[in-house]
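To start, the structure itself, in structure tokens.
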Amino acid sequence: MLHACMLTLRGIPVFYSGDEIGMLNDYGYHDDPGRWADSRNIHRGKMDWEKAEERKDLSTPTGKIFHELRELVMIRRFNEVFHSDAHVYPIDTGDNRVLGIARDYKGKRMLGLFNFSPDEVWVDAWTGGSMMKPYGFRWILER
């Protein structure tokens, strides 16, 4: 959900190495005097190449993360509504647990809905009604 939200916003999305396979934070930098003062090092751990190999297996969490993220990136890449000149703005979803972001470009519109809660949430915004899974998201593209 957070990756989809990031891809919906304006600008160039930044993925740290390992995000694409679901690597966890690396707190080992606390033990390195040359790195401990910079908390950004939590995202700069050594690549787990064994875990990276799991990206090919869709039955693993790593494989699911990798392939779903790649699909989102491809949707963003080949859909005009994600153009850098798109008008991007928040919308009221009627529920403070769900963030709504709209993108308009050349008469096309996309709505991103992002459920930031552990609850299933019913949202009416633009959708005619949509049940959002806990921590789920929807991209709704108007044609």
Exception for I12 within (1) surrounded by 13 or more Cβ atoms within 10 Å (Cβ to Cβ); (2) assigned to a loop (DSSP other than H, G, I, E, B); (3) hydrophobic (A, V, I, L, M, F, W, C) falls at (1)
Scan the stretch 85-112 residue by residue and report those that are basic (K, R), touching a strand residue (DSSP E or B) at 6+ places or on another chain (Cβ under 8 Å) and more than 17 Å from D124 (Cβ to Cβ). R103, K108
In the stretch 80-107, how many residues are closer than 15 Å to T8 by Cβ and surrounded by 16 or more Cβ atoms within 10 Å (Cβ to Cβ)? 12
Test set (1) at pLDDT 95 or above; (2) in a helix (DSSP H, G or I); (3) over 19 Å from the mean Cα position of the chain (by Cα) - K64 fails condition number: (3)
Answer yes if at least one residue in the stretch 32-47 is open to solvent by less than 30 Å² (accessible area, probe 1.4 Å) and assigned to a loop (DSSP other than H, G, I, E, B), and no otherwise. yes
Note on the stretch 108-119: residues closer than 26 Å to F78 by Cβ, out of contact with any Cys (no Cβ under 6 Å at 6 or more places or on another chain) and either open to solvent by less than 70 Å² (accessible area, probe 1.4 Å) or small (G, A, S) (or both) are M110, L111, G112, L113, N115
Restricting to the stretch 120-137, what's the tally of residues that are buried (at least 19 other Cβ atoms within 10 Å of the Cβ) and either among the polar types (S, T, N, Q) or within 19 Å of the chain's Cα centre (by Cα) (or both)? 3
Restricting the search to the stretch 48-61, which residues are in contact (Cβ under 8 Å) with a residue 24 or more places away in the chain and assigned to a helix (DSSP H, G or I)? K51, A52, E54, R55, P61
Among (1) surrounded by fewer than 16 Cβ atoms within 10 Å (Cβ to Cβ); (2) under 17 Å from the mean Cα position of the chain (by Cα), E50 falls short only on (2)
Does D57 count as under 15 Å from T8 (Cα atoms) and not β-branched (V, I, T)? no
What are the residue pairs meeting all of these: first residue in the stretch 81-99, first residue at negative phi, second residue part of a loop (DSSP other than H, G, I, E, B) and open to solvent by 20 Å² or more (accessible area, probe 1.4 Å), Cβ atoms under 6 Å, and 6 or more apart or on different chains? V88/R10; R97/F116
Looking at the stretch 15-31, which of the residues that are part of a loop (DSSP other than H, G, I, E, B) and in contact with a Ser or Thr (Cβ under 9 Å, 6 or more places away or on another chain) is least open to solvent (accessible area, probe 1.4 Å)? G22
When you scan the stretch 56-63, do you find a residue that is open to solvent by less than 50 Å² (accessible area, probe 1.4 Å) and among the aliphatic types (A, V, I, L, M), even just one? no
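The values are calculated or read from the model by the stated rules, or taken from the named source; none is laboratory data. All values reported here derive from a predicted model rather than from experimental measurement. Neighbour counts run over all protein chains shown; Cβ positions are idealised from the backbone, glycine included. Heads up: the accessible areas ignore ligands, DNA and RNA and are worked out on the full protein's heavy atoms, side chains in. Shrake-Rupley method; radii C 1.70, N 1.55, O 1.52, S 1.80 Å.
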